[in-house]
1. Give just the number: which of (1) in contact (Cβ under 8 Å) with a residue 60 or more places away in the chain; (2) at positive phi; (3) not β-branched (V, I, T) does G100 not satisfy?
2. Here are the criteria: (1) out of contact with any Gly (no Cβ under 9 Å at 6 or more places or on another chain); (2) within 30 Å of D176 (Cα to Cα); (3) in contact (Cβ under 8 Å) with a residue 12 or more places away in the chain. Tell me which single one P87 does not satisfy.
3. Looking at I281, I261, which is the one that is in contact with a Leu (Cβ under 6 Å, 6 or more places away or on another chain) and not acidic (D, E)?
4. Which numbered condition in (1) touching a residue at least 60 places away in the same chain (Cβ under 8 Å); (2) under 22 Å from A162 (Cβ atoms); (3) not acidic (D, E) is the only one that R122 fails?
5. Can you name the number of the only condition in (1) part of a loop (DSSP other than H, G, I, E, B); (2) surrounded by fewer than 15 Cβ atoms within 10 Å (Cβ to Cβ); (3) in contact with a strand residue (DSSP E or B) (Cβ under 7 Å, 6 or more places away or on another chain) that E7 fails?
6. Here are some conditions: (1) under 30 Å from P322 (Cα atoms); (2) touching a residue at least 24 places away in the same chain (Cβ under 8 Å). R172 meets all but one. Which one does it not meet?
7. Among the numbered criteria (1) more than 27 Å from I129 (Cα to Cα); (2) surrounded by fewer than 22 Cβ atoms within 10 Å (Cβ to Cβ), which single criterion is violated by H68?
8. Residues of region 233-254 being surrounded by fewer than 16 Cβ atoms within 10 Å (Cβ to Cβ) and under 28 Å from the mean Cα position of the chain (by Cα), which ones?
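Bear in mind that the values in this text are calculations on the coordinates, not laboratory data. Because the structure is a prediction, the values reported are computed rather than measured. Glycine also receives a Cβ, built like all others from the backbone with ideal geometry; neighbour counts cover every protein chain displayed.
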Amino acid sequence: MQKIIVERPYEFVPPHRGTWWPKLIAKFQLFAGHLRKVEGVVDHEIRHLDRLTESLNAGHGILITPNHCRNADPLVMGWLVRRTRCPVYALASWHLFNQGRFMAWAIRKMGGFSVNREGVDRQAINTAIDMLTSAERPLVIFPEGAVTRTNDRLHALLDGVAFIARTAAKRRSREDASKKVVVHPVGLKYLFGGDIQQQASEVLGDIEQRLTWRRQDEMPLLRRVESVGRALLTLKELQYFGEPQPGSPGDRMSRLIEHLISPLEEEWLGDAKSGPVVPRIKSVRMKMLPEMLNGDMGAAERDRRWRQLEDLYLAQQISCYPSDYLNLPTVDRVLETVERFEEDMTDKARVHGHLKVIIEIGEAIEVSPKRERKAAEDPLMVAIRERLEEMLERLAKESQPLE
């Protein structure tokens, strides 16, 4: 399990308010070297920059909401900063500020401030609202709330985004009816330009050897990916059910997810829930973690909760494997799947390089200060989701089909 839980009381990390550092970093593209070395992103293309520039020139409070398919996504925003010459603020999970002093320093200098994903972080929420209200800089929030590594699919969005935007819109309208808050959905699409046969074969060969198999280099790549995927799923079924389960891969993954989450929902929330996986996991963790982080328990109970957190983490990882994702196989979907295999086995995926990111800026969505109370789902979240899904569906067509 990756270290996304910090076992100590949360402390809010405010953003660096100055502009000298973010402008310096953007001007000399200091982020680009990190993207190349650590994430393999070597090229970029920005589309429809005029849409964002128009909102900046109008003085609107601007919320940027990209999809979140790779760890590279926050740094990729550096190219927008460079082109617009306007720094941004960004919500960043608190665990990122606990991965070394340089990382914490760099995130702050680029405008990042912390949010406690395992609770209601009123300080982070109020800071975000103040930023949009003042329109000092655009604010970046990734509404999926977690990295998915499935570039062509949008996962469930977290409703807090609409609350922040609408509260800021109310405050701005009280000051001046002409002042607006707008949301720009941003579609991020990564295209792999390397040799997928060679790169994927290296990873799959290592996994096959971990499974005590002979390397399957003679097997067609897609069949090989599917074979490894079935093996990894079966191993988890043996661990949790004691035997392989019947049915299609999609049914089996859904069954395993429910087996992992439902008992914990019953214990911590009173009954089992339904719906998207990530929000359900967040609700359970919010109940489990406060005592852990404050150290208010014995060693046995602490170990029990860590095992539960591992189960929740596994459920979230499984949910990031859409069962039909390889029905239309492309080079990029195969790479993402292989990367996730390796990441789920070792907590780290190797860098393959040759990635180009397309940054497509969506049209501005004006935020209404009033919410339709009778609506089953917040209209703003519906609009953001639909715009992002439309962009990702169109951008997916630019991927090279797997030969």
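1. In the conditions (1) in contact (Cβ under 8 Å) with a residue 60 or more places away in the chain; (2) at positive phi; (3) not β-branched (V, I, T), G100 misses (1) alone.
2. (1)
3. Result: I281 is the single residue among I281, I261 that is in contact with a Leu (Cβ under 6 Å, 6 or more places away or on another chain) and not acidic (D, E).
4. Failing condition for R122: (1).
5. In the conditions (1) part of a loop (DSSP other than H, G, I, E, B); (2) surrounded by fewer than 15 Cβ atoms within 10 Å (Cβ to Cβ); (3) in contact with a strand residue (DSSP E or B) (Cβ under 7 Å, 6 or more places away or on another chain), E7 misses (3) alone.
6. That leaves (1) as the condition not met.
7. In the conditions (1) more than 27 Å from I129 (Cα to Cα); (2) surrounded by fewer than 22 Cβ atoms within 10 Å (Cβ to Cβ), H68 misses (1) alone.
8. T234, L235, Q239, Y240, S248, P249, G250, D251, listed by residue number.
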